[in-house]
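FYI, it's all coordinate maths here, none of it is from the lab. Small disclaimer: the values here were computed from a predicted structure and weren't measured. Quick reminder, even Gly has a Cβ in these numbers, built from the backbone with ideal geometry, and neighbours come from all protein chains shown.
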Amino acid sequence: MKTTKSVTIGEVTKGQFKLSNDGERFRGRLTWNSSTGLFSITELKMEDEGEYRVDYDDSGAKRKYFLTVYRTGMPSQPEKRGTGMPSQPEKRGTGMPSQPEKRELKEETRLLIDGNEAESHNL
């Protein structure tokens, strides 16, 4: 994780959460459950990684969180390259190679806060 100054993403005052100017990039992606106190960030991006702070004006508390985002995923099957041969045998009678299989890269974004993997976090 990059070492940077913490960014205040919002504040909680009288049981209400409000995004700060620095937290605007999370608009529509950050939600807060006032009953549980859990925050959730959806549609994570690699550039979301960093150190964040939430200010609790009623108590004067300021809590810092370290957010690490990383990608995982591998192609479902490795592609054969450089052989000069079709990946599937030729169809008899056509003289044409069959269509290559379509392969997808399955990518998943995971979230780490303070070294713990999770989807929702109590900030």
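Quick notes
- Our summary of shape: the Cα atoms of the stretch 15-55 have principal axis extents of 29, 19, 18 Å, ordered from largest down, in whole angstrom.
- Fewest-first sequence of ASP58, ASP22, ASP48 by Cβ atoms within 10 Å of each Cβ: ASP58, ASP22, ASP48
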